[in-house]
1. Out of everything in region 92-113 that is in contact (Cβ under 8 Å) with a residue 12 or more places away in the chain and small (Gly, Ala, Ser), what residue ends up being surrounded by the most Cβ atoms within 10 Å (Cβ to Cβ)?
2. Would you mind finding the one in TYR8, TYR14, TYR30 that is touching a helix residue (DSSP H, G or I) at 6+ places or on another chain (Cβ under 8 Å) and on the phi > 0 side of the Ramachandran plot?
3. Can you confirm whether LYS116 is in contact (Cβ under 8 Å) with a residue 40 or more places away in the chain, part of a loop (DSSP other than H, G, I, E, B) and more than 18 Å from MET93 (Cβ to Cβ)?
4. Any residue that is surrounded by fewer than 18 Cβ atoms within 10 Å (Cβ to Cβ), polar (S, T, N, Q) and not in a helix (DSSP H, G or I) - is there at least one of those in region 82-91?
5. Before we move on, is PHE99 in contact with a Leu (Cβ under 6 Å, 6 or more places away or on another chain) and modelled with pLDDT under 95?
6. Within region 164-184, track down each residue that is in a helix (DSSP H, G or I), surrounded by 14 or more Cβ atoms within 10 Å (Cβ to Cβ) and under 19 Å from the mean Cα position of the chain (by Cα).
Amino acid sequence: MNNEITLYNRKIPYSIRKSTRAKRLRIAVYCNCDVVVTLPHYKNVADVEAYLKQKSKWISQKLDYFREAKGLKINNKSINFSDNKEEAYKFAMLTAKRFSKLYGFKYNKISIKNHKSKWGSCSKKGNLNFNYRIVFLPKRLAEYIVVHELCHLMELSHSQRYWRLVEKALPNYKELIEELKKYY
């Protein structure tokens with residue numbers, strides 16, 4: 001579903017993604033300036049516009065940030081998958097190797113993806129997948145994402161045991177999670 005809303009005298013296109021797993025309305029602004037609203041099963045489309053208006057300042061700030069970054073080509077880099085896939089792979093590989101030594105974990109393979117709505121994932125087969133956009137994050141946040149997925153090798157859920165594993169490498173993981181929200 002493609003829609004449009006006017007915020008601060010600016011027409012902003014957005015799409016709605018319905019989800020049976022979502023627990024709340026959620027807005028994501030991506031570096032390509034796409035605005036996507038995740039709609040939980042118990043909400044209806046009429047709730048979306050009110051929520052967008054409520055979050056209008058945040059949305060505008062994110063769009064301005066990404067438009068400016070796009071114009072500057074973030075640190076002289078192009079913002080597209082093919083130009084950054086190799087750099088993201090090298091970073092993920094080196095970081096996973098370093099932290100897997102700390103944990104003694106073995107992973108199968110690392111892949112770089114062009115995910116729209118997540119930073120990474122870990123499969124039951126031990127494959128680690130990362131979003132190529134990790135190269136645009138501050139290093140500490142990109143490392144958190146790698147550690148987060150590595151820890152899923154031992155614990156697939158986000159249980160207390162899982163968070164203790166994350167804390168072993170990153171005692172400040174809660175602060176990193178909060179900071180990461182600014183980039184999503």
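1. Only one residue fits best here, namely ALA92.
2. Exactly one of TYR8, TYR14, TYR30 is touching a helix residue (DSSP H, G or I) at 6+ places or on another chain (Cβ under 8 Å) and on the phi > 0 side of the Ramachandran plot, namely TYR8.
3. yes
4. no
5. Criteria not met by PHE99.
6. VAL166, TYR173, LEU176, ILE177, GLU179, LEU180, TYR183
The values are calculated or read from the model by the stated rules, or taken from the named source; none is laboratory data. The shown structure was predicted, so the numbers you read here are calculated from the model rather than taken from an experiment. Every residue, glycine as well, gets a Cβ built from its backbone with ideal geometry; the counts of neighbours run over all protein chains shown.
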